[in-house]
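Data block below; observations after.
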Amino acid sequence: MKRPGPVKAYLIDIEGVLVRDKRYEPVPGAVGWMTSLVAAGRPFCLVSNNTTHRPGDLVDDLARVGFPVTESHLVGALGQGMRWLRDRNKGRIRWLGTTLLEDYWREEGFEIITGGSCDAVVLGANSGLKIRDLDSVLGPVLDEGTDLLCLHRNLFYLDESGRRRLGPGAWAAALEALGGAGQVVTVGKPSEGIYREGLKRVGVTPDEALFISDDPISDLVTAGRLGMRTAFVLSGKYPDHGVLARLEETEWPDIVCSRMSDLDIQEEETV
Ligand SMILES: [Mg+2]
C-alpha cells in the first residue's frame, strides 16, 4: 500500500501533460517545470502510449519546443510491443496503426503483411483506419487464432487538430468480441509491464514514484494499484475532475491539479 515518503522519481505521460495534444504545443509552465526537475537532479522517464511517432522523432519534437529530454527517457508502447513480438519470434505482422510508421517497423526488422496469414495483428492509433482494414483481419483472428497485440487500449485520443478520435481500445474491443482463439495482449498503459519498465528505468520502488497523467482511468488506476502516488492534471483530455465519477473512490488519484507546473518538486509528503 502507499506509504508517505519522499518522491524520488517521476513517471510522466506526454500528451496532455507536457504537450496539449498531437500538435505538440507545450502546456503552459511544463517546459520550465521539467527544466527545474532536471536541475533538482530528480530522475524521470516519459511513459507514453504514443504509437504515431518514431521514438526518436517523438523526443526530438519535445526537445525542439524546449523539453530537456532524450530517447533514454522514453518508455513507450511501441518499444514494448516490438519487444513482445521479438521475444516470441513474431516477425510478420498486420499493422493497423498509422501508415506513417510502416517504414519504421520494417527498419526494425518486421515484415508488414497486407493480406492473408500473419503472426500477429497489431493495433495502434490510426485516424485513417477504415472498416475495411478491420474486415481484412477477420480471417486471421477468427479462422487462424492469430494473436491480437494492442499497443495500448486508449478509447480515444486528441488528434493534430485537437479533435477526439476513437483509439485502438475501441477497435480492440470490437476485435476481441469476436472471440478468436488467439491471445489478446496489451503492452502499453494500463498494462502493468510498461509501468514496471518505467520504474526500472528510474531505479526506484513504486512507493517512491509519482505518476503524472491527464488520464485517471487509462493511466493512473494501474499506477495507484502498483503503489505509486498519482497526480491527475486537467491540461489534457479532461478539463475538470468529473471523470472521477467513473472510478471507485479507492481508485481516485492522490492529487488533482490544473497542470504539472502546479506540482511542487520539493514536496516530500503525500497530499
Ligand atoms: Mg495523456
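Read-outs: derived from the displayed coordinates by stated rules, not from any lab. Just so you know, these numbers come straight off a predicted model, no measurement behind them. Reconstructed Cβ throughout: ideal geometry from the backbone, glycine too, with neighbour counts over all protein chains shown.
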Using DSSP, restrict attention to beta bridges with both residues in region 86-186 and report what percent are antiparallel, rounded to the nearest 5. 20
Modelled label reach - residue 166, point 7 Å along Cα→Cβ, region 91-126 residues with backbone N closer than 15 Å: 97, 124-126
Using helices alone, I'd like the mean residue ellipticity at 222 nm for the chain: each DSSP H run of four-plus residues gives -39500 (n - 2.57), total over residue count, nearest 500. -7000 deg cm²/dmol
Most fluctuating residue given options 13, 87, 254, as computed from a GNM of the chain linking Cα atoms under 10 Å: 87
May I ask which of 90/237; 8/237; 200/237; 22/189; 8/189 have a Cα-Cα span longer than 25 Å here? 90/237; 8/237; 200/237
Of all DSSP beta bridges in the chain, what percent run antiparallel (nearest 5)? 10
What is the spin-label model distance, in nm, from residue 143 to residue 64 if the labels are put 7 Å beyond Cα along the C-beta direction? 4.4
Region 135-271 - convex hull of the alpha-carbon atoms, volume per residue in Å³: 140
Two-site label geometry, residue 225 and residue 183: point separation in nm, points 7 Å out along Cα→Cβ: 1.8
Bins of 10 Å, beginning at zero and ending with the bin holding the largest distance: percent of Cα pairs per bin for the chain, please. 7, 30, 35, 20, 7, 1
Across region 107-116, in residue order, what do the Karplus-derived ³J(HN,Hα) couplings come to in whole Hz, using 6.51 cos²θ - 1.76 cosθ + 1.60 with θ = phi - 60° and x for Gly and Pro? 4, 7, x, 9, 9, 8, 9, 9, x, x
Restricting to Cα pairs under 8 Å and 6 or more apart, the percent relative contact order of region 86-186 works out to 25
